[in-house]
Amino acid sequence: MKDSNCIFCKIANGEIPSVTIYEDEDFRVFLDLGPAAKGHALIVPKEHYANLYELDDGLCSKVFLLAKKLAVHMTEALHCDGFNIMQNNGPVAGQTVFHFHLHLIPRYEGDTAGIQWNPGSASQEELTQLGELLRVR
Ligand code: AMP
Ligand code: ZN
């Protein structure tokens, strides 16, 4: 399904041009217009899924294999020093385009991408309780 109001549906399906570095029947991978670092690209499915929770399981199993293939290829081409793979779900998590996408972000010594979080703290009791809550049974 496509969403006629969704910019990534239009880009993924070629209605809006993009600098595409990979395409197959399921995905388009194109360069981010506001790159966190040189070569920042987005893996975008051609069908509309708002986020990871909605993403089709078959595509989900393909997307990380594709991420690995592209990370290897981009690292060789760009000679970057490291690589982040990111995926945001919901505004509070930083999602701004509500069509599932995986960020491929090459990293360079001294770059200004600034992808990090402030480490918090948790007591052993809290961790044990959370472990009980979250254990998949
Ligand atoms: P997120 O914040 O995880 O939803 O990521 C959205 C990403 O899409 C941001 O990194 C934007 O720079 C990028 N973006 C938004 N519009 C476009 C566009 N038309 N072409 C390429 N990248 C875009
Ligand atoms: Zn869409």
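Cα centroids of segment 76-137 and segment 1-59: 20 Å apart.
Using a/c under 1.5 as the rounded threshold, could you call segment 95-137 rounded, prolate or oblate? The axes a ≥ b ≥ c are square roots of the C-alpha gyration tensor eigenvalues, and prolate needs a/b larger than b/c, oblate otherwise. Taking the square roots of the gyration eigenvalues as a ≥ b ≥ c, segment 95-137 is oblate.
For the chain, 60, 80 stand unpaired, since no other cysteine beta carbon lies under 4.7 Å from theirs. Measure nothing but the geometry: give the 0 to 90° angle between the long axis through the Cα atoms of 57-78 and the longest principal axis through the Cα atoms of the chain, rounded to 10°. The angle comes out near 70 degrees. If you count Lys pairs in the chain whose Cα atoms are under 16 Å apart, skipping same-chain pairs closer than 8 places in sequence, the total is 4.
Read-outs: derived from the displayed coordinates by stated rules, not from any lab. All values reported here derive from a predicted model rather than from experimental measurement. Cβ sites come from the backbone with ideal geometry, for glycine too, and all protein chains shown count toward neighbours.
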